[in-house]
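Enquirer: Pasting a structure here, questions to come.
Only the coordinates and a few stated rules stand behind these numbers; no lab work does. Given the structure is predicted, the values throughout are model-derived calculations rather than measurements. Reconstructed Cβ throughout: ideal geometry from the backbone, glycine too, with neighbour counts over all protein chains shown.
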Amino acid sequence: MTDNESNKKKDILSLSLSELEEYIQKLGEKKFRAKQIFCWLHQKRAESFESMSDLSKPLRERLSEECFINYPVIERKLASKKDGTLKYLYRLYDGNYVETVFMEYKTGMSICLSTQVGCKMGCRFCASAIAGYVRDLLPSEILGQIYKTEKDTGKKVSSIVLMGIGEPLDNFDNVMRFLELVSAPEGTGLSLRHVTLSTCGIVPRINELAERKLGITLSISLHAPDNKSRSEIMPVNRTYNINELISAARRYFEITGRRITYEYAVIDGVNSDDASAGKLAELIGKSGSHVNLIPVNSVKEREYRSSRRSAEEFAAKLAKKGINATVRRTLGSDIEAACGQLRREASECMNEVKDN
């Protein structure tokens, strides 16, 4: 389906059940038909209206004329030889690309989803922003990453991480609709307690998320222990400083009772010394929060470097100060693990074709 064609049709996969009921009744159909269609879309994962066999042929034809099922296409798939992690490059209906990572743990299957095409945040150690921000993903396009990956692997997702390309809270309304759809009892029915949302720190949206009391786990991309160093590597800190961010995180915990995780990319010579450990310990205190240390991904356009050893040494420094920290298990290290690299390469190839 082309971009122009989709703009003329209804994105039915993004509709809530109540919206679908309203639409179906406007077509002159009984209300219960909406639940049948919702089941086809979100349980049976139908990719065409023709396959919805318990609907009348005239209704299926009407739906085909007025709606589209917004599924992504697998453009490229990489499989780790080390641990079986899968990385997908998905092509969207308008020719843009996003990435999805499918990981296997002892506790089940986890999927890392993108929420935007590109990113506005401009974090200096991240590959996602290099190719630039293009647009927000629709709820259907976030869902579609799960549905298509489950179909391809034959395995059921048990937990979701919104930590791929894009800033989830910068696409707030679409992400909230996605969460509504993925947890709908008539659909996938996933408990939102199995969802982690990672944000670089859009404070007003963190406060709004807290008030919704959805039960999701909040992960704060901190990556530096003070305003000066954080503003240098994360421009968002110039708008919402680290003190405002920590206050919002604590408020989230107070309202929801859900423990905060602080993500901290250990960067050699930038944020990994004794002074940084001391500042970080003082900043978050012994509040029960957890620090997840990450050896920074190597990106060819960025000068930042790290190693697992550096992260482990920093964890030891924090432990001496009473801070609970672990080094994230690295999955898929042999399949271009840094978010955004596959999308950037695909976008560059697409631009080359257009130029020629």
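Enquirer: Run the dipole for the chain about the Cα centre, Lys and Arg Cβ at +1, Asp and Glu Cβ at -1, nothing else charged, and hand back the magnitude in debye, nearest 20.
Expert: The calculation lands at about 1000 debye.
Enquirer: Write down Rg/Rh for the stretch 94-162, rounded to two decimals, with Rg from the C-alpha atoms and Rh from the Kirkwood relation over Cα pairs.
Expert: 1.01
Enquirer: GNM, the chain, Cα, under 10 Å: largest mean-square fluctuation among Pro72, Pro295, Pro58?
Expert: Looking only at Pro72, Pro295, Pro58, the biggest GNM fluctuation is shown by Pro58.
Enquirer: Taking springs between alpha-carbon atoms closer than 10 angstrom, which of Gly322, Gly144, Gly132 fluctuates most in the Gaussian network model of the chain?
Expert: Among Gly322, Gly144, Gly132, the largest mean-square fluctuation in the Gaussian network model of the chain belongs to Gly322.
Enquirer: Sticking with this structure for a sec: Could you pull out the pairs from Lys10/Lys87; Lys10/Lys44; Lys44/Lys106; Lys213/Lys321; Lys87/Lys155 whose alpha carbons sit more than 23 Å apart here?
Expert: Exceeds cut-off: Lys10/Lys87; Lys44/Lys106; Lys213/Lys321.
Enquirer: In a Debye calculation with equal point scatterers on the alpha-carbon sites of the stretch 1-155 and no solvent, what is log10 I(q)/I(0) at q = 0.20 Å⁻¹?
Expert: Debye output, listed in q order: -1.27.
Enquirer: Roughly how big is the stretch 80-232's charge dipole about its Cα centre, with Cβ charges of +1 (Lys, Arg) and -1 (Asp, Glu), in debye to the nearest 20?
Expert: It works out to roughly 420 debye.
Enquirer: Taking the convex hull of the Cα atoms, report for the stretch 3-68 its projected area averaged over all directions, in nm².
Expert: 4.2
Enquirer: Ordered by packing density, taken as the mean number of other Cβ atoms within 10 Å over each peptide's residues, highest first, how do 158-168, 74-84 rank?
Expert: Ranking, from highest mean packing down: 158-168, 74-84.
Enquirer: Now for a separate question. Binning at 20 Å from 0, report for the chain what percent of all alpha-carbon pair distances ends up in each bin.
Expert: 29, 56, 15, 1
Enquirer: Please give the direction-averaged projected area of the C-alpha convex hull for the stretch 197-266, in square nanometres with one decimal.
Expert: Reported value for the Cα convex hull: 4.1 nm².
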